[in-house]
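Here the structure comes first, spelled out in structure tokens, and everything after it is commentary.
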Amino acid sequence: MLKIGQSQLRFEDDALITGRGRYTADLPVKGEVAMVVVRSQVASGKLVSVDTEAAAAMPSVIAVFTGADMVADGNSPILPRLRHPGPDGGDMRVPPFYPLAVGAVRYVGDPIALIVAETKAAAMDAAEAVVAEIGERPVVVDALEAVSPDAPLVWDEFPDNRCFSVSRGDRKAAAAAIDGAAHIIRQRLRISRVTAASIEMRGALAIFDPATGGYRLEIGTQAPHRIAMDLAPILGVTAEAMRVVANDCGGSFGMKNAGYPEYAAALWAAKKVGRPVRWSADRLESFQSDAHARDQWVDVTLALDADARFLALDVHVTANLGAYLGPATPHSPVGNIGGIAGVYRIPQIHVLIDGVFTNTQNTAPYRGAGRPEATYVIERIIDIAANDLGMDRAELRRRNLIGPQEMPFSTGFVFTYDSGDFPAVLERALQISDWAGFEARRAASRLKGLLRGIGIANPIEIAGGPAGKPNPEFARLELSPEGKIRLFSGSRDTGQGHGTAFRQILADRLGLETGQMEFITGDTERVAQGIGTFGSRTLGAAGTAIWRAADAIIEQLKGKAADRLEAATTDIVFEAGRYRIAGTDRSVAFSELLAAEPGMVSAEDFSAADGATFPNGCHICEVEIDPDTGHVDLVAYSVVDDVGTVINPLLMKGQIIGGVAQGLGQALMENAVYDPQSGQLLSATFMDYAMPRAFDIPALAIESFPVPTSQNPLGVKGAGEAGTVGSLAAIISAVCDALGPEGVRHFDMPATPERVWRCLRTKAVESDGADR
């Protein structure tokens with residue numbers, strides 16, 4: 001029987017690896033037609049006219065629509081889910097974001113028309129016949145340049161390119177502490193722009209039912225209920241009229257968790273033409289139209305006293321939002337900024353975050369959603385401080401770590417950590433990575449003509465938030481007398497192994513065989529409520545709902561257990577799948593009582609955990625750099641992680657490895673680059689956008705150091721994003737350590753061979769922008 005803490009292969013994998021997965025493209029519908037989106041090839045300009053006459057007359061073309069058609073039919077703009085304070089004390093600036101451009105285009109890839117035809121080939125041919133007259137305007141693609149006084153305006157409606165301005169912490173107190181500090185360390189950091197580049201490109205099958213006035217959207221996503229809420233207002237219906245079905249998903253990482261323009265356009269087109277409409281992106285279209293991520297400039301100041309203890313941290317983030325605000329665009333730069341405090345005692349922290357419009361695709365959450373950025377900022381400035389003060393980087397961290405005896409610990413900046421043993425995690429990571437023996441390895445690499453560096457990062461992140469008021473999740477549990485289990489969950493699996501972990505929880509809790517459990521998820525009609533999968537929340541949020549639903553059923557049968565055991569109900573306890581009279585060995589199995597039930601027993605729960613959790617850890621890695629080519633080779637990687645109770649060690653390690661790979665990608669190679677003059681996306685294919693391959697990643701030494709949380713009944717903290725949150729900082733730390741003896745104080749990501757080679761040739765600090 002399955003148990004919590006047992007390594008178990010995913011039940012989901014058999015179907016996926018034998019060709020029985022059900023992805024959106026695998027779902028043909030009778031009478032369906034194809035939709036192709038015509039996109040702007042200009043980054044900024046007035047949309048003077050869109051001539052669709054020739055396209056509409058082409059063979060097999062059913063209809064051609066423009067933004068004017070959608071607006072005339074009463075469709076509304078896409079709106080962000082969050083609102084922050086605006087610049088200069090006003091409201092956040094929210095420009096109109098229609099599914100198809102109206103009046104102007106603002107980035108290369110902006111949708112300007114859509115073709116509906118009998119086949120995709122016919123629609124693509126017709127797209128070539130659409131003629132858009134665009135009066136080109138100057139562009140701005142860099143966030144720092146966008147806030148300069150003479151920057152071109154992305155939106156004429158606003159006096160400048162700022163969207164929001166969020167201040168957290170006590171600015172005056174932080175400034176005073178910095179002014180009086182013995183040591184003041186300053187650095188400007190570049191956090192590059194990336195894209196998820198999921199193996200399955202986005203697509204949609206849209207259906208309208210004229211009898212009910214309802215819509216059905218088949219897509220790959222982690223959060224179907226949220227997408228229904230994003231899209232319903234655009235089309236003027238309630239969320240209940242918007243059925244979203246999430247099929248198997250070939251990668252999402254947060255990118256597919258919002259309502260996109262193409263989804264709204266396809267649903268509306270399905271209504272207009274009276275047939276199911278299918279849209280599927282190709283890779284070029286994905287690079288242009290999938291939400292990008294990260295893309296920040298960060299000015300950071302760390303103050304220390306004469307004993308190298310942290311006094312204050314002041315941070316100014318200039319975040320590139322892109323041209324439009326998607327549903328989740330305002331979230332990442334602000335939502336998880338509390339992680340910038342790290343695992344350290346820092347008495348005063350102030351952070352200012354300016355969100356800025358540019359002529360680029362909008363940004364949105366991507367694995368970590370602000371957490372890797374926050375960790376990178378604090379960990380990188382600590383490295384620079386250690387270098388400037390001539391200290392060992394581990395010792396500087398050790399001196400400032402929060403101790404386990406201080407829990408719960410309020411950072412004084414957004415978060416209160418409930419549990420953790422940060423010093424023990426650090427010491428274990430130093431041990432398994434042989435930190436003390438590194439200099440011998442550096443010398444050995446030098447003899448081979450290679451530069452060797454070791455990097456370190458102590459990540460911490462919020463999971464299952466927001467802090468103070470976690471989002472709820474839904475679970476419904478149905479049990480038959482024969483022991484068959486049906487579980488409904490609002491959390492959609494996109495490769496994490498939910499179905500396996502949930503089976504382990506229920507088997508351990510109820511003492512039932514769960515291998516044949518029926519798992520229903522990803523359908524807003526069949527699953528009554530749901531929030532979705534993101535932010536390392538599933539086991540904390542969905543696991544809590546499942547546990548509580550199971551508890552409700554346990555309570556339902558408790559009276560019958562008392563009758564069977566001839567005891568008072570108050571004397572009955574439940575553990576390990578059995579009801580027992582407290583203080584005795586007399587017991588009865590849950591399965592035995594269930595078998596005596598006349599019919600289905602069920603319960604459901606839609607509630608939140610008691611609080612957010614804070615997974616933490618220590619990442620240490622080593623790189624070798626070939627100075628003749630600039631190539632960076634990751635040669636060793638160790639992780640010690642506290643993710644709380646580990647339900648399935650095998651799945652947990654898989655999540656860590658995948659996260660490290662994505663952090664490696666951004667640190668060493670991935671970079672979405674726009675031409676500063678034309679606004680053209682220069683990295684629009686895999687010839688130009690590098691992705692990590694299997695041989696780029698060494699074998700990882702992963703150890704779990706669980707300190708269970710009391711914020712949920714399982715004691716879990718979350719693991720889905722932990723690898724990425726730590727690896728970005730650790731790998732750049734190692735690169736900078738390798739370059740340090742060559743006179744380099746800091747090097748901005750990505751550490752591509754060409755950029756490293758140039759840096760070594762100039763012996764200069766690379767801080768002039770990774771995109772140029």
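For segment 584-642, please list each of the strands (runs of 3 or more DSSP E) lying entirely inside it that holds at least 3 residues being in contact (Cβ under 8 Å) with a residue 24 or more places away in the chain.
It comes to 601-607, 616-625, 632-642.
Out of 505, 531, which single residue is among the aliphatic types (A, V, I, L, M), open to solvent by 10 Å² or more (accessible area, probe 1.4 Å) and modelled with pLDDT of 90 or more?
Answer to the selection: 531.
Looking at 252, 192, can you tell me which residue is modelled with pLDDT under 95, open to solvent by less than 10 Å² (accessible area, probe 1.4 Å) and within 30 Å of residue 750 (Cβ to Cβ)?
Answer to the check: 252.
Among the residues of segment 77-88, what is the count of those that are open to solvent by 10 Å² or more (accessible area, probe 1.4 Å) and either assigned to a loop (DSSP other than H, G, I, E, B) or among the hydroxyl-bearing types (Ser, Thr, Tyr) (or both)?
7
Out of (1) open to solvent by 10 Å² or more (accessible area, probe 1.4 Å); (2) under 20 Å from the mean Cα position of the chain (by Cα), the odd one out for residue 286 is which?
Going through the list (1) open to solvent by 10 Å² or more (accessible area, probe 1.4 Å); (2) under 20 Å from the mean Cα position of the chain (by Cα), residue 286 breaks only (1).
Does at least one position in segment 60-76 carry a residue that is open to solvent by 80 Å² or more (accessible area, probe 1.4 Å), out of contact with any Leu (no Cβ under 6 Å at 6 or more places or on another chain) and not in a helix (DSSP H, G or I)? Quick ask: steps written out before the conclusion?
Here is the first cut: in segment 60-76, the residues open to solvent by 80 Å² or more (accessible area, probe 1.4 Å) are 72.
Now drop any that are not out of contact with any Leu (no Cβ under 6 Å at 6 or more places or on another chain), which leaves 72.
Applying the additional criterion that residues be not in a helix (DSSP H, G or I) yields none.
No, segment 60-76 has no match at all.
Within segment 159-175, can one find any residue that is closer than 30 Å to residue 686 by Cβ, out of contact with any His (no Cβ under 6 Å at 6 or more places or on another chain) and crowded, with 22+ Cβ neighbours inside 10 Å?
No, there is no match, as no residue in segment 159-175 is closer than 30 Å to residue 686 by Cβ, out of contact with any His (no Cβ under 6 Å at 6 or more places or on another chain) and crowded, with 22+ Cβ neighbours inside 10 Å.
Please verify whether residue 353 is closer than 27 Å to residue 416 by Cα, open to solvent by less than 10 Å² (accessible area, probe 1.4 Å), in contact with a strand residue (DSSP E or B) (Cβ under 6 Å, 6 or more places away or on another chain) and outside any loop (DSSP other than H, G, I, E, B), treating the condition exactly as stated.
The answer is yes for residue 353.
How many residues does segment 567-587 contain that are surrounded by fewer than 17 Cβ atoms within 10 Å (Cβ to Cβ), hydrophobic (A, V, I, L, M, F, W, C) and within 24 Å of residue 505 (Cα to Cα)?
The number of residues fulfilling the criteria is 3.
Those residues that are assigned to a loop (DSSP other than H, G, I, E, B) and either of a type in the set (S, T, N, Q) or free of Cβ contacts under 8 Å to residues at least 24 places away in the same chain (or both), I need them from segment 181-222; list them, please.
Listed by number, the residues that qualify are 198, 211, 212, 221, 222.
Select, from 17, 4, the only residue that is open to solvent by less than 60 Å² (accessible area, probe 1.4 Å), among the hydrophobic types (A, V, I, L, M, F, W, C), under 27 Å from the mean Cα position of the chain (by Cα) and modelled with pLDDT under 95.
Selected residue: 4, the only one of 17, 4 that is open to solvent by less than 60 Å² (accessible area, probe 1.4 Å), among the hydrophobic types (A, V, I, L, M, F, W, C), under 27 Å from the mean Cα position of the chain (by Cα) and modelled with pLDDT under 95.
Exactly one of (1) touching a Lys or Arg at 6+ places or on another chain (Cβ under 9 Å); (2) buried (at least 16 other Cβ atoms within 10 Å of the Cβ); (3) over 25 Å from residue 761 (Cβ atoms) is unmet by residue 736. Its number?
(3)
Give the number of residues within segment 384-398 that are among the acidic types (Asp, Glu) and either open to solvent by less than 10 Å² (accessible area, probe 1.4 Å) or assigned to a helix (DSSP H, G or I) (or both).
Total satisfying the criteria: 2.
Does residue 419 satisfy being more than 23 Å from residue 624 (Cα to Cα) and among the polar types (S, T, N, Q)?
Considered against the rule, which asks whether it is more than 23 Å from residue 624 (Cα to Cα) and among the polar types (S, T, N, Q), residue 419 comes out as yes.
Of the residues that sit in segment 142-158 and are open to solvent by 60 Å² or more (accessible area, probe 1.4 Å) and free of Cβ contacts under 8 Å to residues at least 60 places away in the same chain, which one is nearest to residue 351 (Cα to Cα)?
This residue is 149.
In segment 610-630, which residue that is over 30 Å from residue 416 (Cα atoms) and of a type in the set (Val, Ile, Thr) is surrounded by the most Cβ atoms within 10 Å (Cβ to Cβ)? Show your work before the answer.
Applying the first criterion (over 30 Å from residue 416 (Cα atoms)) to segment 610-630 yields 622-630.
Subsequent filtering for residues that are of a type in the set (Val, Ile, Thr) retains 623, 625, 629.
Values: 623: 29, 625: 25, 629: 11.
Only one residue tops the list, namely 623.
Applying the selection to segment 206-247, what residues are within 21 Å of the chain's Cα centre (by Cα), aliphatic (A, V, I, L, M) and open to solvent by less than 20 Å² (accessible area, probe 1.4 Å)?
219, 223, 227, 228, 231, 244, 245, 246 - these are the residues of segment 206-247 that are within 21 Å of the chain's Cα centre (by Cα), aliphatic (A, V, I, L, M) and open to solvent by less than 20 Å² (accessible area, probe 1.4 Å).
Only one of 377, 425 is outside any loop (DSSP other than H, G, I, E, B) and either free of Cβ contacts under 8 Å to residues at least 24 places away in the same chain or within 20 Å of the chain's Cα centre (by Cα) (or both). Can you tell me which?
Numbers: 425 fails: either free of Cβ contacts under 8 Å to residues at least 24 places away in the same chain or within 20 Å of the chain's Cα centre (by Cα) (or both).
Exactly one of 377, 425 is outside any loop (DSSP other than H, G, I, E, B) and either free of Cβ contacts under 8 Å to residues at least 24 places away in the same chain or within 20 Å of the chain's Cα centre (by Cα) (or both), namely 377.
Which residue, of 744, 756, is β-branched (Val, Ile, Thr) and surrounded by 24 or more Cβ atoms within 10 Å (Cβ to Cβ)? Talk me through it step by step, then tell me what you get.
Numbers: 744 fails: surrounded by 24 or more Cβ atoms within 10 Å (Cβ to Cβ).
Step by step, each of 744, 756 is checked, and only 756 is β-branched (Val, Ile, Thr) and surrounded by 24 or more Cβ atoms within 10 Å (Cβ to Cβ).
Would you call residue 730 within 22 Å of the chain's Cα centre (by Cα) and buried (at least 24 other Cβ atoms within 10 Å of the Cβ)?
yes
How about segment 685-719: which of its residues are under 22 Å from residue 632 (Cα atoms) and assigned to a loop (DSSP other than H, G, I, E, B)?
Scanning segment 685-719 gives 686, 687, 688, 689, 690, 691, 692, 693, 697, 698, 699.
If I filter segment 597-606 for residues that are surrounded by 24 or more Cβ atoms within 10 Å (Cβ to Cβ), modelled with pLDDT of 95 or more and touching a Ser or Thr at 6+ places or on another chain (Cβ under 9 Å), do I get at least one hit?
Looking through segment 597-606, none of the residues is surrounded by 24 or more Cβ atoms within 10 Å (Cβ to Cβ), modelled with pLDDT of 95 or more and touching a Ser or Thr at 6+ places or on another chain (Cβ under 9 Å).
Taking segment 89-108 on its own, how many of its residues are in a loop (DSSP other than H, G, I, E, B), touching a Leu at 6+ places or on another chain (Cβ under 8 Å) and buried (at least 24 other Cβ atoms within 10 Å of the Cβ)?
So the answer is 3.
Can you tell me which residues in segment 399-422 are part of a loop (DSSP other than H, G, I, E, B) and more than 25 Å from the chain's Cα centre (by Cα)?
402, 403, 407, 408, 412, 421
Would you check if residue 201 is closer than 25 Å to residue 260 by Cβ and within 26 Å of the chain's Cα centre (by Cα)?
Spelling it out, residue 201 is indeed closer than 25 Å to residue 260 by Cβ and within 26 Å of the chain's Cα centre (by Cα).
If you go through segment 479-521 one residue at a time, how many are over 26 Å from the mean Cα position of the chain (by Cα), outside any loop (DSSP other than H, G, I, E, B) and closer than 27 Å to residue 219 by Cα?
Adding up the residues that qualify gives 3.
The values are calculated or read from the model by the stated rules, or taken from the named source; none is laboratory data. Keep in mind that this is a model prediction, so the values were computed, not measured. Cβ sites come from the backbone with ideal geometry, for glycine too, and all protein chains shown count toward neighbours. All accessible areas refer to the heavy atoms of the entire protein, side chains included, with ligands and DNA or RNA removed. Shrake-Rupley method; radii C 1.70, N 1.55, O 1.52, S 1.80 Å.
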